[in-house]
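Down below is the structure, laid out as structure tokens.
The values are calculated or read from the model by the stated rules, or taken from the named source; none is laboratory data. Bear in mind that the values here come from a model prediction, so they are computed numbers and not experimental data. Ideal geometry is used to build each Cβ from the backbone, glycine not excepted, and the neighbour counts take in all protein chains shown. Just so you know, the surface numbers come from the protein's heavy atoms only, side chains and all, with ligands and any DNA or RNA stripped out. Shrake-Rupley method; radii C 1.70, N 1.55, O 1.52, S 1.80 Å.
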Amino acid sequence: MIQTIGILTSGGDSPGLNAAIRGVGKACQSHGMRIVGIRDGFRGLMENRTVSLEGEALSGILTLGGTILGTSREKPHKMLVDGRFRDMTQALVANYHANGLDCLVCLGGGGTQKNALRLKQAGLNVVTLPKTIDNDVALTDITFGFDTALGIATDAIDRLHSTAHSHHRIIVVEIMGHRAGWLALGAGISGGADVILIPEIPYEVEVVAEAIKARKRMGKPFSIVAVAEGAISGQEFAARQDAAEKKKTRKPKEVVAEPELVYAERTLRLAHQLERLTGLEARVTILGHLQRGGAPSAADRLLATRLGTAAADLIRLRQYGVMVAARGETSVPVPLEEVAGQVKLVPPEHPWVESARGVGTSFGD
Ligand code: F6P
């Protein structure tokens, strides 16, 4: 019996998705399987919107950014239908069977791993690959998308140095990553940022200002501050902990937590505070979705192809219910139960942090 494989991309778009679609698809085809694309993530499966990936459909996409299938952040169990969020899991299950699928391959980040597990629990055969520029998926060395975004953010920091030193300014550059600091840390080190602020190491603005003033005293009246979008001050960290504690012991309605600032508001506030505390002019650059755009790096193409073809091998052996993780030079299957709901944050003593401190970078702690 010929196996029929569905493939979808879910969550934020990321460089390397098309390389992974091609890797899974071409390898599945070489094993004699049929491959069907599903548009716009889990929403597309719920609405039964499919696209043929036969013939030339997988050619010429290796170097393309974004995803040829389209994506969405929708969850099977919480989908907006007729103005209300509903559990549509059974509609997805029905369309999986209507298309005669033997396995559904889901390419995505942390949220996708959770949603894929839900579909597995609903009786479907699923295999996932770890994708995100945030690099925060657990149990894999790295996710595809990260290397490209790292290159883009590093290049941005390189360019921002020109204005920083010419105008004797502080440049605060906000880098994506959601609640993880991998991208800001990696780009901050590679771009030679003077201060790196990440969510895993709460900062004190006075300490950051002191590091900038110390540079000024050394004849360097400019600084680059690489701030992860999720970075928070010690005070905000304490407030978050406090709200989490109260949530454990009280009914949700009784917990009135201070609304948190959105990412960009925090970054702007940081720049204002640094201007006031150091007497230097500060400017803000928010890299935003530029970090997810364009052609994938060679390393991401390689990783996506490696993981994609490994997924096809597992499917051929009918080994389902796993995420294909990168471990050193190898690709290993990890049960979805182990990865779903986990997040890989930067350990505060991680060797990258130690190296950054070693070259005099301040973390504001
Ligand atoms: O998860 C990838 C990511 O780019 C995060 O770094 C960022 O917080 C988020 O997606 C932005 O999401 P959206 O594209 O939906 O605005």
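Comparison of Gly230, Gly177 shows that the only residue that is touching a His at 6+ places or on another chain (Cβ under 7 Å), at pLDDT 95 or above, within 16 Å of the ligand (Cβ to nearest atom) and not acidic (Asp, Glu) is Gly230. Exactly one residue out of Leu107, Leu64 is buried (at least 16 other Cβ atoms within 10 Å of the Cβ), aliphatic (A, V, I, L, M) and more than 15 Å from the ligand (Cβ to nearest atom): that is Leu64.
Val137 fulfils the conditions (1) open to solvent by less than 20 Å² (accessible area, probe 1.4 Å); (2) within 16 Å of the ligand (Cβ to nearest atom); (3) not in a loop (DSSP other than H, G, I, E, B) except for a single criterion, (3). So, in segment 308-355, of the ones that are closer than 30 Å to Thr4 by Cβ, assigned to a loop (DSSP other than H, G, I, E, B) and of a type outside the set (A, V, I, L, M), which residue ends up least open to solvent (accessible area, probe 1.4 Å)? Among residues in segment 308-355 that are closer than 30 Å to Thr4 by Cβ, assigned to a loop (DSSP other than H, G, I, E, B) and of a type outside the set (A, V, I, L, M), the one least open to solvent (accessible area, probe 1.4 Å) is Gly321. All told, Glu245 falls short of being open to solvent by 60 Å² or more (accessible area, probe 1.4 Å), modelled with pLDDT of 95 or more, more than 16 Å from the ligand (Cβ to nearest atom) and acidic (Asp, Glu).
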